[in-house]
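The values are calculated or read from the model by the stated rules, or taken from the named source; none is laboratory data. Keep in mind the model is a prediction, meaning the values are calculated, not measured. Here the Cβ positions follow ideal geometry from the backbone for every residue, glycine too, while neighbour counts run over all protein chains shown. Accessible surface is based on the protein model in full, side chains and every heavy atom, while ligands, DNA and RNA are left aside. Shrake-Rupley method; radii C 1.70, N 1.55, O 1.52, S 1.80 Å.
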Amino acid sequence: FISHNTVVSDPVPVGPGVLDREIRVENELGVELPDGEIGAITVDSFWLANGYVNQPVLTAERFEPLPNGSVRFHTGDRGYLDPQGCLICLGRSDSIVKIRGHRVELHSVEQGFESLAQVKRAVLMAYPADDGGMRLAAFLMTHEAVAIDDLRRDVATCLPHFAMPQKII
């Protein structure tokens with residue numbers, strides 16, 4: 001199966017942290033890593049949101065209250081700090097991609113396809129488009145031969161238009 005861990009082809013220098021916000025790179029246990037080691041990017045600040053509106057599970061996963069009253073935001077990105085303290089972003093560590101300005105969870109789109117009677121298994125992949133954005137491709141295993149137009153029509157009842165894959169294979 002295709003991994004959802006998307007890594008950009010060239011590292012993206014984000015820059016140093018800004019006043020009142022501490023940028024950290026952590027391992028899977030939450031231990032801060034030394035400069036140059038790749039890990040999960042987090043941001044500590046008193047000036048972050050308290051969470052996602054009407055999404056308590058996602059809020060609990062991403063926003064960690066700290067003992068000093070600030071909040072640690074787990075961005076879902078992976079990267080490292082170079083020796084000068086510049087953050088280098090290597091891409092997402094989860095299956096969320098931006099499609100035409102909308103956050104799309106690849107797993108949710110896969111579930112949309114797999115909810116169709118004719119689809120046995122679905123795997124989604126994001127790929128770069130000519131305009132610099134990202135597009136989606138769906139790789140489907142079906143129980144029998146089925147027309148792509150029929151699949152598009154059926155899955156459109158449970159997917160928003162921006163999450164519809166441009167390619168279905």
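If the condition is being surrounded by 16 or more Cβ atoms within 10 Å (Cβ to Cβ) and not basic (K, R), then segment 62-72 contributes F63, S70, V71. The residue of segment 121-169 that is least open to solvent (accessible area, probe 1.4 Å), among those that are over 17 Å from the mean Cα position of the chain (by Cα) and of a type in the set (V, I, T), is V155.
Among the residues of segment 59-78, none qualifies, meaning not one is closer than 19 Å to P11 by Cβ and touching a Pro at 6+ places or on another chain (Cβ under 7 Å). All of (1) open to solvent by less than 30 Å² (accessible area, probe 1.4 Å); (2) in contact with a Leu (Cβ under 7 Å, 6 or more places away or on another chain); (3) touching a residue at least 60 places away in the same chain (Cβ under 8 Å) hold for I23 with one exception: (1). Remark: pairs (first residue in segment 102-123, touching a residue at least 60 places away in the same chain (Cβ under 8 Å) and farther than 15 Å from I169 by Cβ; second residue open to solvent by less than 70 Å² (accessible area, probe 1.4 Å) and assigned to a helix (DSSP H, G or I); Cβ separation under 8 Å; 6+ apart in sequence or on different chains) = H102/F162; H102/A163. Considering only segment 73-120, state which residues are out of contact with any Gly (no Cβ under 9 Å at 6 or more places or on another chain), open to solvent by less than 30 Å² (accessible area, probe 1.4 Å) and either in a strand (DSSP E or B) or not charged (D, E, K, R) (or both). T75, G76, S95, V97, V104, L106, V109, G112, F113, L116, V119, listed by residue number. Condition check for T42 on (1) surrounded by 18 or more Cβ atoms within 10 Å (Cβ to Cβ); (2) in a strand (DSSP E or B); (3) touching a residue at least 40 places away in the same chain (Cβ under 8 Å): one failure, at (3).
Here V53, V97 are screened, and the one residue that is of a type in the set (A, V, I, L, M, F, W, C) and under 13 Å from the mean Cα position of the chain (by Cα) is V97.
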